[in-house]
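What follows is one structure encoded as structure tokens, with my remarks underneath.
The values are calculated or read from the model by the stated rules, or taken from the named source; none is laboratory data. Quick caveat: nothing in here was measured; it's all calculated off a predicted structure. FYI the Cβ positions are ideal-geometry reconstructions off the backbone, even for glycines, and counts take in every protein chain you see. The accessibility values were calculated without ligands, DNA or RNA, using every heavy atom of the protein model including side chains. Shrake-Rupley method; radii C 1.70, N 1.55, O 1.52, S 1.80 Å.
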Amino acid sequence: MAKVTVDGIEVEVPNGASVLQACEAAGKEIPRFCYHERLSVAGNCRMCLVEVEKAPKPIASCAYPVADGMKVFTDSPMVRNGRRGVMEFLLINHPLDCPICDQGGECDLQDQAMAFGHDSSRYMEEKRVVSDKYMGPLIKTIMTRCIQCTRCIRFATEVAGVPELGATGRGEAMEVGTYVERALTTELSGNLIDICPVGALTSRPYAFVSRPWELRKTDSIDVLDATGTNIRVDTRAGEVLRILPRINDDVNEEWMADRGRFSFDGLKRRRLDRPWVRENGRLRPATWSEAFGAIAARVRGTAGERIAARIGDLADAEAIVALKDLLGALGSANLECRTDGAAIDASRRDFYTFNTTIAGIEEADALLIIGSNPRQEAPVINARIRKRAISGAPFPVGFIGPRGLDLTYRHDWLGEGGATLRAIAAGTHRFNDELRAARRPMLILGRGALRRADGAAVLAAAWKIAAENGMLREDWHGFNLLHLFGGQVAPLDLGCVAPPDAPAPEVVWLLGTGDAAEVPEGAFVIYQGHHGEAGAARADVILPGAAYTEKDATWVNTEGRVQQGRLAVFPPGEAREDWKIIRAASELLGKRLPYDSLDAVRDRLAEAHPAFGSGFARRGCTDLAGPAGDAAAATDTAFALPITNYWQADPISRASDTMAECARTYLPAAPAMAAE
């Protein structure tokens, strides 16, 4: 540790830390444009100048290492003059469009020009003009504003793993853009908007829609993938205008996937905003009383074992536990959340969660991926894997699945299907040597790999690989199941797995699932959801629910972390929060649920499963007994990836015009790069 004095304040920082980090440890604000905590140091904007005792000139604090006994001055006349000079140079060619710039109000350049710049400029020549670049349907560019900090270039190369941005030309002719003008091929492109310190890269769907001070900001959770990204929902006049990530180092750091960020326009399209009842073969608008009356009339004459429920991928925990309690009161245990057919063993929580944890990826030193494409299934988790892969320490990655995927990091393609899986489970494959040599090996099993006839065997084989290759220990749990959406873990925690001998149902309650394929012909279907998917077209009664931005609700991410989202806007029309709908229905069915408030429902959740009442903690594995299934029964069938269209993988994104434009842009894609 080095002791450094900053403006008379002595701080102790690790050897090798930068002067800028020492200044921040002392509570001093240092302006910067090119420096970003999660990117490599470029040292090219020179805005972070400070004075070091005995140094002949100011130094760039972001790139200068500390030394024991160093004395730093952050507000001396030399520093002030240096920063003013740098700011004057930065503004030489910057357009004077702050009043109409869509970055106004949250622009680092604007803020720092006022705080650290000069009140006049000596530059009288003509300003340069740079043509705007095309980066796809999500990013709007106004490149004349670019100050060439290169944050976007470093993010695309280092974090996203798509080195498609760069600088061409030198001096005044230097321009940042794609080498070949085409859309950026990354699922993390929206983060370029967040890290750009000026208005050169902005959101195309949000451009010129509102000013930041007009927005009401609400903390919530993204449920369009299973990462559990912490988000902020910005609204105005009851409409969602923007979704941004919040910092959570344990989950998403400060990144967010594009589908969750840009599909918010789907929240106001194809919505169910009133109850509907089928009469004479046609759906007609109805009142809540009529809808509940139709349900009661049909359910009262049906035996309990003939009533079933199917849980969708975006359902919140409060609605799930309420529906489970209602069906239990009606005499049914036939609830099923595995509507995709995944052969998940819910008898133990570590059979279906990401046990290493997302942050724990950085501690692993070997990885086996089975039947999953994390780049599309969980882009933020994939970025964490890439972060570990390029850290410098050895990190062999083996992949079983379709050949030729570009995961954005170097990996070893091992095979396409069950033959390779069986070989590794038997310990006879060459990749077993990599796993056994590692101190903390891990595997990621895709949920899509379990959506096949031999899914139980695939799960058993994956667990056997983990057990026999040092992944399951008291201090480390390397078995991970990667889910696809934010509502898939909570129903497993709550036991929503139908008994294998359940009779064919006569009444089916679809909670947020459009999959009506398994509904028997002639069954009475109740569809509760927020978008008019296939389940709504099949329904006899439609109950309009609330989307994830429209309710206070709880979700569980793929690692089993319980998180709560908050109501940002009210549901449209007569739509209501889902647990309240079920609670009201229970009244008319004569099976009144024993809770009337959100707090009471959450108390019931904590009673139903301890995860809802306790904090999240890393866990090891002390019980090596595996899930049901014969590992040797995995067939040679190649693994098929569950997401073929990343941009339209859920009801909200399928209703989004922005995501439809992305699908048109990206789906006729060029051949993917082969594995390195």
| Sparse-neighbour loop sites [GluC sites (Glu not before Pro); the stretch 320-402; at most 15 other C-beta within 10 Å; DSSP] | none
| task | Determine by what factor the alpha-carbon radius of gyration of the chain differs from 2.2 N^0.38 Å, reporting the quotient. | result | 1.05
| query | Looking at Gly169, Ile582, Val277, which one has the Cα that reaches farthest to the positive end of the dipole of the chain (charges on Cβ: Lys, Arg +1; Asp, Glu -1)? | reply | Gly169
| Which entries in Lys387/Lys464; Lys324/Lys591; Lys133/Lys268 show an alpha-carbon gap greater than 19 Å? | Lys387/Lys464; Lys133/Lys268
| note | As straight-line cross-link partners of Lys127, the qualifying lysines (C-alpha separation under 23 Å, not fewer than 8 residues apart within one chain) are Lys140
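Pick out, in residue order, every one of the chymotrypsin sites (Phe, Trp or Tyr not before Pro) in the stretch 47-138 that is DSSP loop and has at most 14 other C-beta atoms within 10 Å; say none if there are none. Could the numbers behind the result be given before it?
On the way: sites: Phe73, Phe89, Phe116, Tyr123, Tyr134; in loops: Tyr123, Tyr134.
For chymotrypsin sites (Phe, Trp or Tyr not before Pro) across the stretch 47-138 that sit outside H, G, I, E and B with at most 14 neighbouring Cβ atoms in 10 Å, the list reads Tyr123, Tyr134.
Using only alpha carbon pairs under 8 Å that are at least six residues apart, calculate the relative contact order of the stretch 1-158 and give it in whole percent. Walk me through the intermediate numbers first.
Values: 230 pairs, mean separation 34.7, N = 158.
With pairs under 8 Å counted, the relative contact order is 22 percent.
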| Entries of Lys28/Lys57; Lys3/Lys28; Lys217/Lys551 with Cα pairs more than 18 Å apart | Lys28/Lys57
| field | Loop-located GluC sites (Glu not before Pro) in the stretch 409-508, at most 12 other Cβ atoms within 10 Å (DSSP) | value | Glu474
| Once the Cα gyration tensor of the stretch 179-301 is found, what semi-axes does its equivalent ellipsoid get, as square roots of 5 times the eigenvalues, in whole Å, sorted largest first? | 39, 17, 16
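Using the heavy atoms of the protein chains and a 1.4 angstrom probe, tell me the accessible area per residue for the chain in square angstrom.
Roughly 40 Å² per residue, with all protein chains present.
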| said: For the ranges 635-648, 315-328, 567-580, what's the packing order if you count other beta-carbon atoms within 10 Å of each residue, average per peptide, and put the highest first? | reply: 315-328, 567-580, 635-648
| query | Across every pair of different alpha-carbon atoms, what Kirkwood hydrodynamic radius in Å does the stretch 229-375 reach? | reply | 20.0 Å
| note | Note: the stretch 291-344, point scatterers on Cα, Debye, no solvent; log10 I/I(0) at q = 0.18, 0.23, 0.29, 0.32 Å⁻¹ equals -0.67, -0.98, -1.18, -1.22
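Give me the compactness ratio for the stretch 1-139, meaning the Cα radius of gyration over 2.2 N^0.38 Å. Before the final figure, lay out each step's value.
Values: Rg = 17.2 Å, N = 139, 2.2 N^0.38 = 14.3 Å.
That ratio works out to 1.20.
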| query | Measuring from the lowest to the highest alpha carbon on each principal axis, how far does the stretch 347-445 reach, largest first, in angstroms? | reply | 35, 30, 27
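Need one number: the % of Cα-Cα pairs in the stretch 486-578 sitting beyond the 19 Å mark. Don't skip to the end; give the middle numbers.
Details: 2176 of 4278 pairs.
That fraction is 51 percent.
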| note | Taking Asp365, Asp552, Asp650 and ranking on accessible area (1.4 Å, protein atoms only), highest first, one gets Asp552, Asp365, Asp650
| query | Using alpha carbon centroids, what distance separates the stretch 168-190 and the stretch 585-643, in Å? | reply | 45 Å
| Expressed in whole Å with the largest first, what are the equivalent ellipsoid semi-axes of the stretch 161-206 derived from the C-alpha gyration tensor as the square root of 5 times each eigenvalue? | 20, 15, 9
| Ellipsoid semi-axes in whole angstrom, largest first, where each is sqrt(5λ) of the Cα gyration tensor of the stretch 564-676 | 38, 30, 16
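Antiparallel DSSP bridges in the chain: what percent, to the nearest 5? Please report the intermediate quantities before stating the final value.
Details: 45 of 79 bridges.
In the chain, approximately 55 percent of DSSP beta bridges are antiparallel ones.
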| query | Share of the chain's accessible area from carbon and sulfur, percent, 1.4 Å? | reply | 50 percent
